[in-house]
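Worksheet for the structure shown next.
The values are calculated or read from the model by the stated rules, or taken from the named source; none is laboratory data. Just so it is clear, the structure is predicted and the values come from calculations on it, not from any experiment. With ideal geometry, Cβ positions are generated from the backbone for all residues, glycine too; neighbour counts draw on all protein chains shown. In case anyone asks, the SASA skips ligands and DNA or RNA and just uses the protein heavy atoms, side chains included. Shrake-Rupley method; radii C 1.70, N 1.55, O 1.52, S 1.80 Å.
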Amino acid sequence: MAATPGTVPSGLLADYLSSIRPLVSVICISYNHERFITAALQSVLDQTYPAVELLVIDNNSTDGSVERVEALRQQHPAIQFIRNSENVGICRAFNQGLKLARGRYVIDLSADDVMHRERIARQVAGFERLAGDYAVIFSNAAYIDENDQLTGYHFPITPTGMTTRPVPSGWVFKDILASYFVSTPTMMMRKDVLESLGGYDESLSYEDFDFWVRSARNYRYYYQDEVLTSKRIVPQSLSSQFQNRNSALLASTLKVCYKAFDQCQTEEEYRALAGRIRWFIRQCFYTEQFELAFQFKELLEYMEKPDWQTALILRFCKWHIPVNGLYQRYARWQQNRQLRRGTVQPLM
């Protein structure tokens, strides 16, 4: 049976145990996750790996999330719990947990996702075999709906559970710029790398793209070909918010793209970033953030002249065509279609 997260010896014994069994800090951010948070936290408590500490940060939930956490703390008092009096955002809340975390490795767990029982043990074993310039280990993920039903996988798998497509691993900076491929909830990160970066950028509305850009320039990523996490896809998921009219997520994305531009070193990297920016311009059109599309265009023009498709989208942006309602209907149809085929992917 796994030890209760947080019940880790102190002093010389802790130093010795950490040298042979690294402590892992799981930071769980919650905001109105009453329906799912018990399962998420229980998946941490049920880990087979014994050296785990669990920190929960609630962003001023207005539902019963706090009561669910407190009920678990009655049984597992080592759980550390921070209750914010206002919603400070994902990035700042995570940094609150990072300041308290003592682990060598850190997991950023959403309060609606579920870790499989062997996940931490498997990832620590994998990390401990890697060279010192690896900052992240990540894996495949199962997608589940609000009723815990399996709807697909992040990467399609064979009957034996192996992915059917190559997944970038190693020096992945160019790949990070080109496409969304790392399933965020599957990541285990080195705490010292997070601290060297100053944690998450609190000026942003979301965390993962920025962390990837800032860390992948100087550190390697390792893909572990196993399904170790279940990611819940619900209408309120962060990935679904990219479809919303005037969502703040795309404005944060523009800031990250400028950071990425400053870090590009090769023509291939600039081309990868340019391709991603063309995609973000289309997203600005679909979400009716027309002025933001032209701000992306300004960055694109440092690298290349917009192609004819992008120029056409920008012309549509000038006309302020109201397309978001139609786009959201299309996105729902596409996701339902993928659900039926078992190949669901978030639109990001």
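General observations
- Placing unit charges on the Cβ atoms of the charged side chains and taking the dipole of the chain about its Cα centre, the candidate lying farthest along the positive direction among Ala272, Ser196, Leu45 is Ala272.
- Dipole axis of the chain (+1 Lys, Arg; -1 Asp, Glu on Cβ), positive-most option in Gln243, Pro322, Pro185: Pro322
- Computed over the chain: relative contact order in percent, which uses C-alpha pairs under 8 Å that are six or more apart: 17 percent
- For the set Lys99/Lys255; Lys259/Lys318; Lys231/Lys305; Lys191/Lys305; Lys99/Lys231; Lys231/Lys318, the pairs lying more than 30 angstrom apart at their alpha carbons are Lys231/Lys305; Lys191/Lys305; Lys231/Lys318.
- Positive contributions from Lys and Arg (+1) and negative ones from Asp and Glu (-1), summed over other residues with Cβ under 11 Å from the Cβ of Arg83, come out at -3.
- Accessible surface of region 59-181, 1.4 Å probe: 48 percent of it comes from carbon and sulfur atoms.
- Contact order, relative form, for region 173-277: 44 percent (alpha carbon pairs under 8 Å, 6 or more residues apart, mean separation divided by residue count).
- Computed over all pairs of different Cα atoms, the Kirkwood value for the hydrodynamic radius of region 28-71 is 10.9 Å.
- The smallest convex shape that holds all Cα atoms of the chain, its convex hull, gives 144 Å³ per residue.
- Two-decimal ratio, region 38-128, of alpha-carbon radius of gyration to 2.2 N^0.38 Å: 1.09
- Rounded accessible area per residue of the chain, 1.4 Å, Å²: 45 Å²
- Lys/Arg +1, Asp/Glu -1 at C-beta; the chain dipole; positive extreme among Ala331, Ser205, Ser169: Ala331
- Overall, the chain carries a charge dipole of about 700 debye about its Cα centre when +1 sits on the Cβ of Lys and Arg and -1 on the Cβ of Asp and Glu, all other atoms neutral.
- On Cα atoms only, tilt of 249-263 relative to the major axis of the chain in degrees: 90 degrees
- Computed on region 67-218, with alpha-carbon pairs under 8 angstrom and 6+ residues apart, the relative contact order is 33 percent.
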